[in-house]
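Notes follow once the structure below has been shown.
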Amino acid sequence: MKRFYALLFSLLVVATCPAQKINGHWYGSGKIEASTSHNNYLTELVLQQQGKTITGILNYYFKDTLFTQKITGSFDANKRSLSLQPIPIIYHGSASVERGVDCPMTGRFTLIASKTASTLKGNFIATEDFKYTCPSIKLTLTHSLDTNNLVLLKERDEEEITNTDSIITLPNSAKQQQFAAREKFVMQTIEVNNPTVQVQLYDNGIIDNDSVSVFVNDRLVQDKSMLSYSALSLQIQVDGTKKFTDISMFADNVGTVPPNTAVMILYDGNKRYEIQLSSDLQRTATVRLSRKSSNDK
């Protein structure tokens, strides 16, 4: 009878446990498993899972250069193991990225999930022909909770990227309260000619999982968006009934390299402005716009 209840309990656990998913952004650092090397690879995996099939992108920094590779693989939910097909990764001893050589490497990772965080631990391992010349790269990657529902920007066409209607959300009372509690820091004031301006936001420097929300005149218009080398694009109406229109970049986090920094490219017709922004959990970077009067034009 005890065996029966034990078996019944096991079946109930299997039936009620949800299938493990590894969608989203995973970030961390890769360390060469060789005593003679001190080079690290700042790494981001962006994964999409359909059944056991994994597709996505590997972004990593080596020296001062960003490398991007498409990846494919499989995920075994029972064993919590992720396997990636061979991809080229620049050799750790390369003198420069221009004359670097690639090591074909496979990925082998194990998912470790808890209530507070999820991590992928494992290695990039050289294929058989290169196992004696390319040492393994040991990685621990942390799951970013800010990007659970994001799709791969690099896989979307330009039209879809610039159309932000599908990802604008209604104001959130808790977010509004957080925004109001922080200092609004005006970094630049610009006098514009047009009633509508085009705004593009990019991460400034290393892609370190900076996530931002955008407010216009203290109203949330873009919630939790990851900054990268792909533009976060918005059309902003300049309110002619107000003295100023404020565009505020609210830091949802500060990434792995604080503070949360970005470059804003603002187009007022044919005029282009480039503004450096920096927000943290106390201050919100703001660009203030005013309309030129008809007498000034």
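The values are calculated or read from the model by the stated rules, or taken from the named source; none is laboratory data. Owing to the predicted nature of the structure, the values given are computational and were not obtained by experimental measurement. With ideal geometry, Cβ positions are generated from the backbone for all residues, glycine too; neighbour counts draw on all protein chains shown.
Taking first residues from the range 119-144 that are within 15 Å of Thr43 (Cα to Cα) and partners that are of a type in the set (Asp, Glu) and crowded, with 22+ Cβ neighbours inside 10 Å, the Cβ contacts under 9 Å between residues at least 6 apart in sequence or on separate chains come to Leu141/Glu44; Ser144/Glu44.
One residue is enough: does the range 96-108 have a residue meeting the conditions within 22 Å of the chain's Cα centre (by Cα) and either of a type in the set (Gly, Ala, Ser) or not assigned by TED's automatic domain parsing to the domain that holds Phe124 (or both)? Within the range 96-108, one or more residues are within 22 Å of the chain's Cα centre (by Cα) and either of a type in the set (Gly, Ala, Ser) or not assigned by TED's automatic domain parsing to the domain that holds Phe124 (or both). Restricting attention to the range 116-133, which residues are in contact with a Pro (Cβ under 9 Å, 6 or more places away or on another chain) and at pLDDT 90 or above? The answer is Ala126, Thr127.
Residues of the range 227-263 that are among the hydroxyl-bearing types (Ser, Thr, Tyr), surrounded by 16 or more Cβ atoms within 10 Å (Cβ to Cβ) and free of Cβ contacts under 8 Å to residues at least 60 places away in the same chain: Thr245, Thr261. Of all residues in the range 224-272, those satisfying the criterion of being at pLDDT 85 or above and touching a Pro at 6+ places or on another chain (Cβ under 9 Å) are Gln237, Val238, Ala251.
Picking from residues in the range 262-289 that are out of contact with any Ser or Thr (no Cβ under 6 Å at 6 or more places or on another chain) and of a type in the set (Ser, Thr, Tyr), the one that is farthest from Asn194 (Cα to Cα) is Ser279.
When the criteria are applied in full, Thr68 meets the requirement of being in a strand (DSSP E or B), modelled with pLDDT of 75 or more and of a type in the set (Val, Ile, Thr).
Filtering the range 190-203 for residues that are of a type in the set (S, T, N, Q) and at pLDDT below 90 leaves an empty set.
Among the residues making up the range 50-72, a single one is of a type in the set (D, E, K, R) and either touching a residue at least 40 places away in the same chain (Cβ under 8 Å) or on the phi > 0 side of the Ramachandran plot (or both): Lys63. Yes or no: the range 82-91 includes at least one residue that is modelled with pLDDT of 90 or more and among the aromatic types (Phe, Trp, Tyr). Taking every residue of the range 82-91 in turn, none turns out to be modelled with pLDDT of 90 or more and among the aromatic types (Phe, Trp, Tyr).
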